[in-house]
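Chemist: Structure below; questions to follow.
Values in this text are rule-based calculations from the coordinates and carry no lab data. Predicted model only: the values in this text are computed from it and were never measured. We place every Cβ from the backbone using ideal geometry, glycine too, and count neighbours over all the protein chains shown.
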Amino acid sequence: MKELQYLNKYFIKYKYLFCFGILTTIAAQIFASFLPNLISSTINTIVSNFSPDADKHLIKEKLFHFILLIIGTTLLNAFLTFWTRQWLIVMSRHIEFDLKNEVFRQYENLTQHFYKQNRTGDLMNRISEDVSKVRMYVGPAVMYTIMTLIRFIVVVIFMYHASPKLTLYTILPLPVLSYAIFKLSTQINKKSTLFQQNLSTISSFSQEIFSGIRVIKAYSLEKQYNEKVEALSEESKKKAMDLAWLNSLFGPFMLALIGVSNLVVIYFGGMMYIEGTDGVTDIGTIAAFILFLNMLTFPVASLGWVSSMVQEAAASQKRINEFLKIRPEIKNNTEEHSEIKGDIVFENVSFVYGDTNIKALENVSFTIKKGETLAILGKTGSGKSTVLQLIGRLYDTTSGNVKIDGKEISSLNLYDLRNSIGTVPQDAFLFSDTIKNNIRFGKENATEEEVIDAARKAAVHDNIINFKLQYETMLGERGITLSGGQKQRVSIARAIIKDPEILLLDDCLSAVDTETEETILNNLLDFSKDKTTIIVSHRVSSAKNADKIIILEDGKIIQQGSHNQLINQEGYYKELHFKQLSEKEMT
Ligand code: ADP
Ligand code: MG
C-alpha cells in the first residue's frame, strides 16, 4: 500500500474530478436507496386492495403516483451514475496518461548502462501492463470502494430504520461473500499472470524467429522451431484452461451466495411478519429488504474483487517506483545555453566500463583545434569508439578530463553539447520510416533540397534515385533492406544535414568500396573545413589527410603524428600502410 501513495500526487492534481466524482456517488447512492422503500410502499398499496372496504379508484391513483416516483428516482439515479463514471473513470485515464509519460521521460533520461541491464520486454511491460494495472486502482478500484462504502452506510441506515434485527440477519452473510470473492479473484489474477507470462514468452520467441527467419530457413530448422512453438502453445493452452475453469466458478459461486442471503431474508423476515414483531409489520418491508440486500451484494462482492485488484496494482506500482527512483548517471548540470565551437582536449583520460570492469582507455591525452581533423586507428577493442562516446558524454570519464573549448565537458549544457555533435555510429541504425525522414532525423525541418544535398555529399543520392519511390522509399520491417554500405551512407547524410560543429565518424566507411570512400572523404573535406572532425577507421586511406593521427592499442596511445611522420616510423601505422598498399596493387 505504501507504494501506491506515490499516486496521491495525481489525485491532488485531478482533485476537481475526484471531488465531483465522490459528490455524485453520494447523491446517486442516496437516490438509489429510496427505491426499495418506494417499491415496498407500492406493494403495500396493492396488498391493501384485498381488504373488504378498499377504494379501488384511490388505490389505482396511489399506484400510478408511486410508479411515477419510481421512474423519476431511477432516471435521476442513472443520470448521477453516469456522471460518477464520467468523473472518476475519466480521472483514471488522465492519470494513466500522465504516468505513462512520466515512465517514458524516465526511459529517455536513463543511460546506456541501464539499457544493457534491462530486457526490452521488461521495459515494454512497465509502460503498458504495469501502468494498466495501476489504472485499475486509480479508476475502478477507487470508484467501487467509494460506492460500496457510501451505499453500505446509506442502505444500512434505511434498513435499520425499518427493522434493526432483520438488518443484522441481512448483512451477516455478506462478509463471507466478500472474503470468498477475494480469495477467488486472487487465484484468478495469479493464473492470469501465469498465462500472460507464457503469452509474452511465445511472442518474444516468435519475434526472434521472424527476425532470424533467413537463418532458420538457410539451416532448414523449420521443423525444430515448429516443435518448440508447439510445446509453448501447449503450455499456454493448459494455463488458459485453468483460468477458464476458475472464471466459470465465479458466476455460479456468487449466485449461490446471493441466493442463500435471499433465503435468510425471506425466512427470518417471514417469521417476523407472521409473529408481527421487530418492525416487520407488512409484506412490503420484506420486499424492501430483499431489494436492499441485492443492492448490497454487488458492491460487497466487488470489495473482494477490488482488494485483489489493489494488491496487483501495488505490485505493479512497486516495480514502477523502483525504476523511477533510478537517477541517471549522466545529468545536465546547467540550464544556461552553451555555445560550442569545437576545440577538444583529452587530459590523461582513463575509462573503465562499470558493468564489465574492462579498462577501455588508459591515460589518453590529445588536442584538436576547431576545424582540424583527427584520425584514430587501431585494432578492434582498442578503445576507439569509447573515445567518441566520451566526447558525446554518453559516459563520464573514470579519471582525467575531457574539455571542450577549454571547459570541463560536464559543465556544459548537455543538450547543446549533443546538438552540436553529428555522430555516425559504427552500427548504423535506421528507423522503419522513409529514407527522407531517416536523413531528416538530423534536422527535423530540413527542406527537400537540403536532404538531397546531404545525400549527395554522402554519395548515396545515386543509389536512392534508383529506387522506385526514391526518397519516399520505406526502410526496415515493411520496406526495403539497404546494403551495409548504403546504410552507412544514409547515416552519414543524417549527420551532415545537422551541420554540426563536431563531426564524429565511427568506422562508418568500412562497408563502402575504396573509390566511394575517396568520394565521400573529398566531399567532407570541403564540408568540414570549419568543423572539428574525428574519423575512426582501420584504413590508412581514410586517415592520411588528417591533421593528426592517433594509434590506439589496449586503450593506450602507442603512436601519434601526421601521415608523413608515421610512415617514416617503425610501427603499426607503417605496417598497415604497406599492407594496404600491396592489397590495393593486387586488386
Ligand atoms: P573499438 O571501437 O576500438 O573497437 P571499443 O571502444 O568499442 O573499441 O571497446 C574498447 C573495450 O571496451 C573493448 O574491450 C570492449 O569489449 C569494451 N566495451 C566496449 N563497449 C562496452 C560497453 N558498452 N560495456 C562494456 N564494455 C565495453
Ligand atoms: Mg568501435
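Chemist: Going by the alpha-carbon gyration tensor, a ≥ b ≥ c the square roots of its eigenvalues, is region 307-361 rounded (a/c under 1.5) or, if a/c is not under 1.5, prolate (a/b greater than b/c) versus oblate?
Modeler: oblate
Chemist: Hey, can you grab everything whose amide H is under 5 Å from the amide H of Lys556? Only 5+ residues off in sequence or another chain; H modelled, so Pro and N-termini drop out.
Modeler: Result for Lys556 returns Glu362.
Chemist: Roughly how many nanometres apart are two label points built 7 Å out from the Cα toward the Cβ at Glu408 and Lys217?
Modeler: My value for the distance between the label points is 5.7 nm.
Chemist: Among the DSSP beta bridges whose two residues both lie in the chain, what percent are antiparallel, rounded to the nearest 5?
Modeler: 50
Chemist: State, as an integer percentage, the relative contact order of the chain based on alpha-carbon contacts under 8 Å between residues 6 or more apart.
Modeler: Relative contact order, the chain: 14 percent.
Chemist: If you don't mind, another one. Evaluate the distance, in nm, between pseudo-label points positioned 7 Å from the Cα of Tyr225 and of Lys579 along their respective Cα→Cβ axes.
Modeler: With each label placed 7 Å out from Cα toward Cβ, I get 3.7 nm.
Chemist: For region 234-257, list residues with backbone N below 16 Å from a point placed 7 Å from the Cα of Gln187 toward its Cβ?
Modeler: Only 239-257 pass the distance filter.
Chemist: Starting from a Cα-only point model with no solvent, please compute log10 I(q)/I(0) by Debye for region 344-586 at q = 0.12, 0.15, 0.16 1/Å.
Modeler: Taken in order of the listed q values, log10 I(q)/I(0) reads -0.70, -1.06, -1.18.
Chemist: Still on this model: List residues of region 283-322, by number, whose backbone nitrogen lies under 20 Å from a label position 7 Å along Cα→C-beta of Tyr107.
Modeler: Label zone hits: 316-322.
Chemist: May I ask you to derive the FRET efficiency for Arg93 and Glu570 from their Cβ-Cβ distance with R0 = 51 Å, giving the value to the nearest 0.05? Present the calculation step by step, with values, prior to reporting the outcome.
Modeler: Details: r = 71 Å, r/R0 = 1.39.
Calculated value: 0.10.
Chemist: What size of dipole, in debye to the nearest 20, comes out for region 344-586 about its Cα centre when the only charges are +1 on Lys and Arg C-beta atoms and -1 on Asp and Glu C-beta atoms?
Modeler: 120
Chemist: If R0 is 22 Å, what FRET efficiency do you get for Ile30 and Asn294 from their C-beta distance, rounded to 0.05?
Modeler: 0.80
Chemist: Given axes a ≥ b ≥ c from the Cα gyration tensor, I'd like to know whether region 108-259 is rounded (a/c under 1.5), prolate (a/b larger than b/c) or oblate.
Modeler: The shape class here is oblate.
Chemist: Something else about it: Around Gly276, what is the net charge, scoring Lys/Arg as +1 and Asp/Glu as -1 over all other residues with Cβ under 14 Å from its Cβ?
Modeler: Taking every other residue near Gly276 into account, the sum is -2.
Chemist: Between their Cα atoms, which of Lys133/Lys191; Lys341/Lys369; Lys359/Lys574 are more than 19 Å away from each other?
Modeler: Lys359/Lys574
Chemist: Next question. Once R0 is set to 30 Å, what does the formula 1/(1 + (r/R0)^6) return for the Cβ-Cβ distance between Lys2 and Leu199, expressed as a FRET efficiency to the nearest 0.05?
Modeler: Working: r = 30 Å, r/R0 = 1.01.
Calculated value: 0.50.
Chemist: Something else now. Please get the size of the charge dipole for the chain, origin at its Cα centre, with Cβ charges of +1 on Lys and Arg and -1 on Asp and Glu, quoted in debye to the nearest 20.
Modeler: Numbers: 63 positive and 63 negative charges, 249 e Å.
In total the dipole reaches around 1200 debye.
Chemist: Something else: Just going by the charge dipole of region 29-125, with Lys and Arg at +1 and Asp and Glu at -1 on Cβ, which of Thr42, Leu99, Gly121 is farthest out on the positive end?
Modeler: About the Cα centre, the residue reaching furthest to the positive side is Gly121.
Chemist: Hydropathy first: keep DSSP H helices in the chain averaging at least -0.5 on Kyte-Doolittle, then drop any whose Cα extent along the axis falls short of 15 Å, and list what survives.
Modeler: Correct list, ordered by number: 15-48, 56-109, 142-162, 174-211, 222-275, 283-324, 484-497, 514-527.
Chemist: 5 Å is the cut-off here: which amide hydrogens, built 1.01 Å from N in the peptide plane, fall below it relative to Lys531, excluding neighbours closer than 5 in sequence?
Modeler: Gly371
Chemist: A follow-up question, please. Can you list the HN-Hα couplings for region 541-550, worked out from phi with the Karplus curve (6.51, -1.76, 1.60; θ = phi - 60°), rounded to whole Hz and with x for Gly and Pro?
Modeler: Going residue by residue, I get 4, 6, 9, 4, 8, 5, 5, 8, 10, 10 Hz, with x marking Gly and Pro.
Chemist: Please compute P(r) over all alpha-carbon pairs of the chain, binned at 10 Å starting from zero, and give each bin as a whole-number percent.
Modeler: In whole percents, the pair-distance histogram is 3, 12, 16, 17, 14, 11, 9, 7, 6, 3, 2, 0, 0, 0.
Chemist: Could you list which residues have their amide H under 5 Å from that of Gly400, counting only those 5 or more apart in sequence or on another chain, with H placed in the peptide plane?
Modeler: Residues meeting the criterion, in which the H sits 1.01 Å from N, are Ser350.
Chemist: Could you point to the residue in Ile71, Gln389, Thr514 farthest towards the positive end of the chain's charge dipole, with +1 and -1 charges on the Cβ of Lys/Arg and Asp/Glu respectively?
Modeler: Ile71
Chemist: Assuming 0.36 nm per residue, please report the length gained on full extension of the stretch Lys341 to Gln86 beyond their Cα-Cα distance.
Modeler: Going from the current span to full extension adds 86.3 nm.
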